[in-house]
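Below is one structure; the comments refer to it alone.
The values are calculated or read from the model by the stated rules, or taken from the named source; none is laboratory data. Nothing here was measured: the structure is a model prediction, and the numbers come from that model. Backbone-built Cβ (ideal geometry, glycine too); neighbour counts: all protein chains shown.
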Amino acid sequence: MKYSLLDHFSVIEPCISHSLMDKNSVNSVKKLCALLPFDITDDFGFESRLENRDAYCDFVLQIKKGSKGAVILAGQSSITNLSNLLTEDPFWKKISRLFAIWNNPDQLLSKIVTDFWLEFDWQETSYNLIPNIFFDLKNENHDDRLIQWQSIHQVLDVIYNTLFNIPFPTNMVASVKSCIINLPNKARLHWIGFMVPRKTEAVRLIISGPNPETFFSYLKEINWTGEEDIIRNQVSLFYEKFDSIMYNINIGSKVLPYLGLEMFMKELKTPTCGPQHIEVLNFLTSQSQLLEGKKEGLISFCGRKTASYFYPVLYLNGINHFKYVYKKNTPPELKGYFGTMIRNKMDYGID
């Protein structure tokens, strides 16, 4: 019997409330997971629009450096591979080349990028099989932002040449460079993302570190064109409620009027539902940003499941974080990210 990611999903499926994912959405996730090998990831999850009564989620999975998934995606595994539907797709062939470059320790991509996330967008009735691609950068101190930009520019060139057959677009270079060299002293650039299937020529930077005042000063410096007065109070409110915030900005030929606030609490990453979970969920519901049914769905998702395959598997289900999204001339929305860590049960000493 050939296992796939569907086998992992099937274990946690009973934990997913219909308020978060309806039958059609669940069936679509199953079809997607069936295309992906059993060992492709140790961590996968879902993005839910918490104010929206529609019960569907985007699907995301992490590929860690040196992992089985990195080898599989590069087409270098002697044991398993992606489904033919993906391996025969022209863009997935480019993704495979990208992972082959990443797996080569002599390549700059391998030295700077620590992991990738593939995010599959829900589109009306099913999933787009071409994923958004995010990559995490090695955590280093960068006193010289210009040197940091030069390294990142090389990485962007490699990725663009591999995926799109062109260098990183010249019309985006100046604006992305400005956003990186003007980062505040204590800020860290965590992630860079490409919204591939959305057909927007832009990249996303995900930044941690600065407090709200420092970040708003940074937005002015990079000529962000959003409406600061609309979101300033919201930022201050979230800053009081959460342990940390990461800021998302989108950059094309200029900095776009978009802002995402990824909000974390230490307890949110544990597979239980403790007091901090409840406090945050009740707060978001009181702000009319979280539907009651979806709140209950997030609570019931948290916990542990086990199964046995080649080894005893432990599934840790939890809420990872929340994200407030502002787009100019568009109502704001709140998203919730919940997911599953797949671990060897023996490593946790659980009978």
**helices (runs of 4 or more DSSP H) completely within segment 160-253 that count 3 or more residues being of a type in the set (S, T, N, Q) and farther than 18 Å from Lys328 by Cα** = 170-181
**Fill in**
Picked from segment 318-336 (must be of a type outside the set (Val, Ile, Thr) and out of contact with any Lys or Arg (no Cβ under 9 Å at 6 or more places or on another chain)), the residue nearest to Glu227 (Cα to Cα) is Lys328
**Request:** Assess whether Asp89 counts as being touching a residue at least 24 places away in the same chain (Cβ under 8 Å), more than 13 Å from Thr162 (Cβ to Cβ) and more than 21 Å from the chain's Cα centre (by Cα).
**Result:** yes
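Would you call Phe46 at pLDDT 95 or above, under 23 Å from Ile79 (Cβ atoms) and of a type in the set (Phe, Trp, Tyr)? Break it down stepwise before answering.
Numbers: at pLDDT 95 or above: yes; under 23 Å from Ile79 (Cβ atoms): no; of a type in the set (Phe, Trp, Tyr): yes.
The answer is no for Phe46.
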**Message:** For Ile147, only one of the following conditions fails: (1) in contact with a helix residue (DSSP H, G or I) (Cβ under 9 Å, 6 or more places away or on another chain); (2) among the β-branched types (Val, Ile, Thr); (3) at pLDDT below 95. What is its number?
**Reply:** (1)
**Prompt:** Would it be correct to say that Val203 is under 24 Å from Phe216 (Cα atoms), surrounded by 13 or more Cβ atoms within 10 Å (Cβ to Cβ) and without any contact (Cβ under 8 Å) to a residue 24 or more places away in the chain?
**Reply:** no
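Return the only residue of Leu298, Leu314 being under 23 Å from the mean Cα position of the chain (by Cα), surrounded by 15 or more Cβ atoms within 10 Å (Cβ to Cβ) and at pLDDT 95 or above. Write out each step before concluding.
Values: Leu314 fails: at pLDDT 95 or above.
Residue meeting the stated conditions: Leu298.
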**segment 254-275, residues that are among the charged types (D, E, K, R) and in a strand (DSSP E or B)** = Glu262
**Message:** Need a quick list: strands (runs of 3 or more DSSP E) entirely within segment 276-351 having at least 2 residues that are touching an Asp or Glu at 6+ places or on another chain (Cβ under 8 Å).
**Reply:** 312-327, 330-344
**Message:** For segment 121-159, which positions are part of a loop (DSSP other than H, G, I, E, B), crowded, with 17+ Cβ neighbours inside 10 Å and over 22 Å from the mean Cα position of the chain (by Cα)?
**Reply:** His142
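What number of residues in segment 284-315 are touching a Cys at 6+ places or on another chain (Cβ under 9 Å) and under 19 Å from Thr41 (Cα atoms)? Talk me through it step by step, then tell me what you get.
Filtering segment 284-315 down to residues touching a Cys at 6+ places or on another chain (Cβ under 9 Å) leaves 298-303, 305, 315.
Still in the list and also under 19 Å from Thr41 (Cα atoms): 305, 315.
Residues that pass the stated criteria total 2.
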**In segment 18-58, residue nearest to Ala70 (Cα to Cα) [restricted to those that are surrounded by 18 or more Cβ atoms within 10 Å (Cβ to Cβ) and small (Gly, Ala, Ser)]** = Gly45
**Message:** Let me spell it out: the conditions are (1) free of Cβ contacts under 8 Å to residues at least 24 places away in the same chain; (2) over 25 Å from Leu298 (Cβ atoms), and Glu124 meets all of them except one. Which number is the exception?
**Reply:** (2)
**Request:** Taking Val196 as the residue in question, decide whether it is crowded, with 17+ Cβ neighbours inside 10 Å and either closer than 30 Å to Asn27 by Cα or among the β-branched types (Val, Ile, Thr) (or both).
**Result:** yes
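Can you tell me which residue in segment 28-38 is nearest to Gln76 (Cα to Cα), limited to those that are touching a strand residue (DSSP E or B) at 6+ places or on another chain (Cβ under 9 Å) and not hydrophobic (A, V, I, L, M, F, W, C)? If you could, list the steps in order and put the result at the bottom.
Of segment 28-38, the ones touching a strand residue (DSSP E or B) at 6+ places or on another chain (Cβ under 9 Å) are 28-29, 31-38.
So of that shortlist, the ones also not hydrophobic (A, V, I, L, M, F, W, C) come out as 28, 31, 37.
Values: Ser28: 28, Lys31: 24, Pro37: 13 Å.
Among those residues, the one meeting the criterion is Pro37.
Out of all the residues in segment 206-213, is one or more surrounded by fewer than 20 Cβ atoms within 10 Å (Cβ to Cβ), among the aliphatic types (A, V, I, L, M), under 25 Å from Asn128 (Cβ atoms) and under 18 Å from the mean Cα position of the chain (by Cα)? Outline the logic, then answer.
Step one: filter segment 206-213 for residues surrounded by fewer than 20 Cβ atoms within 10 Å (Cβ to Cβ), giving 206, 208-213.
Restricting the remaining residues to those that are among the aliphatic types (A, V, I, L, M) gives 206.
Within this subset, residues satisfying the condition of being under 25 Å from Asn128 (Cβ atoms) are 206.
Narrowing further to those that are under 18 Å from the mean Cα position of the chain (by Cα): 206.
Within segment 206-213, one or more residues are surrounded by fewer than 20 Cβ atoms within 10 Å (Cβ to Cβ), among the aliphatic types (A, V, I, L, M), under 25 Å from Asn128 (Cβ atoms) and under 18 Å from the mean Cα position of the chain (by Cα).
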**Message:** As an exercise: evaluate Asn185 against (1) within 30 Å of Asp229 (Cβ to Cβ); (2) surrounded by 20 or more Cβ atoms within 10 Å (Cβ to Cβ) and give the number of the one condition it does not meet.
**Reply:** (2)
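Here's the yes/no breakdown for (1) among the polar types (S, T, N, Q); (2) within 29 Å of Val155 (Cα to Cα):
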{"residue": "Ser208", "(1), (2)": "yes, yes"}
{"residue": "Phe216", "(1), (2)": "no, yes"}
{"residue": "Thr225", "(1), (2)": "yes, yes"}
{"residue": "Phe238", "(1), (2)": "no, no"}
{"residue": "Tyr247", "(1), (2)": "no, yes"}
